[in-house]
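S.K.: Take this structure, written in structure tokens, and hold onto it; I'll ask about it next.
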Amino acid sequence: MNPVEPIIQIENVHKRFGKVHALNGVSTAVRRGEVLVLIGPSGSGKSTLLRCINGLEHPDSGRVIVDGITVDRRANNINAVRAEVGIVFQQFNLFPHLTALQNITLAQRVIRKRGTAESEKIARALLAKVGIPEKAEAYPAQLSGGQQQRVAIARALAMNPKIMLFDEPTSALDPEMITEVLETMLLLAKEGMTMVVVSHEMGFAKAAANRIVFMAEGAIVEDTTPTQLYTNPREERTKQFLGKILH
């Protein structure tokens, strides 16, 4: 693929859940190495859009293309995309009966077919990267929420993804734990990881995002830079939202 072409293309995507028009003609694109932050009120379609990128949801119409592969219901296409796309959710989804190290090595061994020594070496390096090398043998119940989320990020990174998706990764955390997770994400952004992040953490958006997309009622209202959004949002709907979350 041409490096200047988008790695993610979203073309006129519609998605309904019963009477709810969750995505209403959404089109955007993400280039390699870009950090896109999705903001907007609850129910605006942000998480649904994220889930369409890795095939957890399927559009009713329109197309999502990731690194040249159309994300559709064909299993080989979905598996090919998921091999390249890491996703971190609000809930950490760690296996409670496995240590941090085991949580990070499991998928490496099963999906990437790495041996025990190689997968453990990668896992320990990633635990160091996210700032908790000493927690390798700890079980999730022995970790704080922020530490569990950093293990979840390390687990996703262990698969060598080309793209990382984050669905409100700090919303389940206590305030003092949010910073440590955002610092890990900021490090990834600085290293050039392609990221799509659903978040209300506007400080992170300002520091890390190349672009911010504001969504409301299933549609993109504004697609702009952080500076433009903070200093001169164009749309009245955007101004109202920012007025509520920026204190």
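S.K.: Once the cut-off is 33 Å, how many percent of the Cα-Cα pairs in the chain end up in the long-distance tail?
M.R.: On the way: 5490 of 30381 pairs.
That fraction is 18 percent.
S.K.: Length gain on complete extension for the stretch E217 to I245, per 0.36 nm per residue less the alpha carbon to alpha carbon distance? Let's see the in-between values first.
M.R.: Working: separation 28, 0.36 × 28 = 10.08 nm, distance 1.77 nm.
Extra length available between E217 and I245 comes to 8.3 nm.
S.K.: May I pose another question? Roughly how many percent of the accessible protein surface of segment 16-151 is carbon and sulfur, given a 1.4 Å probe and a whole-percent answer?
M.R.: Of all accessible area on segment 16-151, carbon and sulfur atoms account for 51 percent.
S.K.: Same structure again: Would you mind telling me which residue in F17, F166, F95 has the biggest mean-square fluctuation in a Gaussian network model of the chain, where springs connect alpha carbons within a distance under 10 angstrom?
M.R.: F17
S.K.: How long, wide and thick is segment 80-146, going by the Cα atoms along their three principal axes, in whole angstroms, largest first?
M.R.: 33, 28, 23
S.K.: Rank these by accessible area, largest first, 1.4 Å probe: F214, F89. Before the final figure, lay out the partial values.
M.R.: Details: F214 0, F89 55 Å².
Most to least solvent-accessible, the answer reads F89, F214.
S.K.: Specify the residue with the greatest mean-square fluctuation among E57, E235, E168, computed from a Gaussian network of the chain linking alpha-carbon atoms under 10 Å apart.
M.R.: Maximum among the listed residues: E235.
S.K.: Solvent-accessible area of T227, probe 1.4 Å, all protein chains present, reported in Å² to the nearest ten, please.
M.R.: The value for T227 is about 100 Å².
S.K.: Which of S144, S44, S119 ends up with the largest GNM mean-square fluctuation for the chain, with Cα atoms connected below 10 Å?
M.R.: The residue with the greatest mean-square fluctuation here is S144.
S.K.: Sticking with this one: Suppose accessible area is computed on protein heavy atoms with a 1.4 Å probe; arrange R112, R124 from highest to lowest.
M.R.: Largest accessible area first, the residues go R124, R112.
S.K.: How large is the helix-only mean residue ellipticity at 222 nm for the chain, computed as the sum of -39500 (n - 2.57) over DSSP H runs with n ≥ 4, divided by its residue count, in deg cm²/dmol to the nearest 500?
M.R.: Result for the chain: -11000 deg cm²/dmol, rounded to the nearest 500.
S.K.: Right, here's the next one. For segment 1-140, taking Cα atoms only, what is the radius of gyration to one decimal and the Dmax to the nearest whole Å?
M.R.: 17.7, 51
S.K.: By a straight-distance test (C-alpha under 29 Å), which lysines pair with K19 as possible cross-link partners, with residues fewer than eight away in the same chain excluded?
M.R.: K46, K239, K244
S.K.: Indicate the gyration tensor shape class of segment 107-210 (rounded, prolate or oblate), computed on the Cα atoms with a ≥ b ≥ c the square roots of the eigenvalues: a/c under 1.5 is rounded; otherwise a/b larger than b/c is prolate and the rest oblate.
M.R.: In terms of gyration-tensor shape, oblate.
S.K.: Of L38, L165, I7, which is farthest along the charge dipole of the chain in the positive direction, counting Lys and Arg as +1 and Asp and Glu as -1 at C-beta?
M.R.: In the chain, that residue is I7.
S.K.: Okay, next question. Hey, got the dipole for the chain? About the Cα centre, +1 on K and R Cβ, -1 on D and E Cβ, debye to the nearest 20?
M.R.: Roughly 540 debye, rounded to the nearest 20.
S.K.: Under the rule a/c < 1.5 gives rounded, and otherwise a/b versus b/c splits prolate from oblate, where does segment 153-213 land using the Cα gyration tensor? It would help to have the intermediate numbers written out before the result.
M.R.: Details: a/c = 1.68, a/b = 1.20, b/c = 1.40.
Oblate is the answer for segment 153-213, as a/c is 1.5 or above yet b/c matches or exceeds a/b.
S.K.: Which order do Y139, Y230 take by accessible area at a 1.4 Å probe, largest first?
M.R.: Sorted descending by solvent-accessible area, the residues read Y139, Y230.
S.K.: Could you work out the relative contact order of the chain? I mean the mean sequence separation of Cα pairs under 8 Å and 6+ apart, divided by the number of residues, in percent.
M.R.: On the way: 458 pairs, mean separation 64.0, N = 247.
For the chain, the relative contact order is 26 percent.
The values are calculated or read from the model by the stated rules, or taken from the named source; none is laboratory data. Because the structure is predicted, anything quoted here is derived from the model rather than measured. Glycine gets a Cβ as well: all are built from the backbone with ideal geometry, and neighbour counts include every protein chain shown. These area figures cover heavy atoms from the full protein model, side chains too; ligands, DNA and RNA do not enter into them. Shrake-Rupley method; radii C 1.70, N 1.55, O 1.52, S 1.80 Å.
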